[in-house]
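What follows is a single structure, written as structure tokens, with notes after it.
The values are calculated or read from the model by the stated rules, or taken from the named source; none is laboratory data. These numbers were taken from a predicted model, which means no experiment stands behind them. Positions of Cβ are generated from backbone atoms using ideal geometry, with glycine treated the same way; all protein chains shown enter the neighbour counts.
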Amino acid sequence: QAYAEQERPLVEYLKPDMEKKSKHKTSVKKKTLNPEYNEEFFYEIAPPELAQKSLEITVWDYDIGKSNDFIGGTTLGLGSQGERLRHWLGCLQTPDQRWEQWHTLTNQLPASSAFAP
């Protein structure tokens, strides 16, 4: 329990333009190893342009005064596979529909990520 009290997870997501100015963060969830985020984000982009973009989502352990520790992440886009690709294709096919889906995090930081240290 003492370990959980030190944990401060947060999620960062990068909008599809891959510039640091489009990086956004959720609130920090304190004292939990199993945070739940019920947060919503959106951005305006023409549907034909969306097919050429990807969405990177990363989860970090927020450390005050130090570098945050990477916990895991996932990328949605045409380069994705399996459920992540099906989710992205669904978004492309019905862009006016709201999409909610769980995805398993990987322990690798995306190589193209603007989150990399």
Subset of the stretch 42-61 that is surrounded by 10 or more Cβ atoms within 10 Å (Cβ to Cβ) and among the aromatic types (Phe, Trp, Tyr) - its residue that is modelled with the highest pLDDT | 60
Among the residues of the stretch 57-112, how many are acidic (Asp, Glu) and in contact (Cβ under 8 Å) with a residue 24 or more places away in the chain?
-> 2
Residues that are touching a strand residue (DSSP E or B) at 6+ places or on another chain (Cβ under 9 Å) and among the hydrophobic types (A, V, I, L, M, F, W, C), drawn from the stretch 71-109 = 71, 76, 78, 85, 88, 91, 105, 109
Within the stretch 102-117, restricting attention to residues that are under 12 Å from the mean Cα position of the chain (by Cα) and not small (Gly, Ala, Ser), which residue is modelled with the lowest pLDDT?
-> 115
Do we have residue 48 as without any contact (Cβ under 8 Å) to a residue 60 or more places away in the chain and in a helix (DSSP H, G or I) here?
-> yes
Within the stretch 63-97, track down each residue that is of a type outside the set (A, V, I, L, M), modelled with pLDDT under 85, part of a loop (DSSP other than H, G, I, E, B) and on the phi < 0 side of the Ramachandran plot.
-> 63, 66, 67, 68, 95, 96
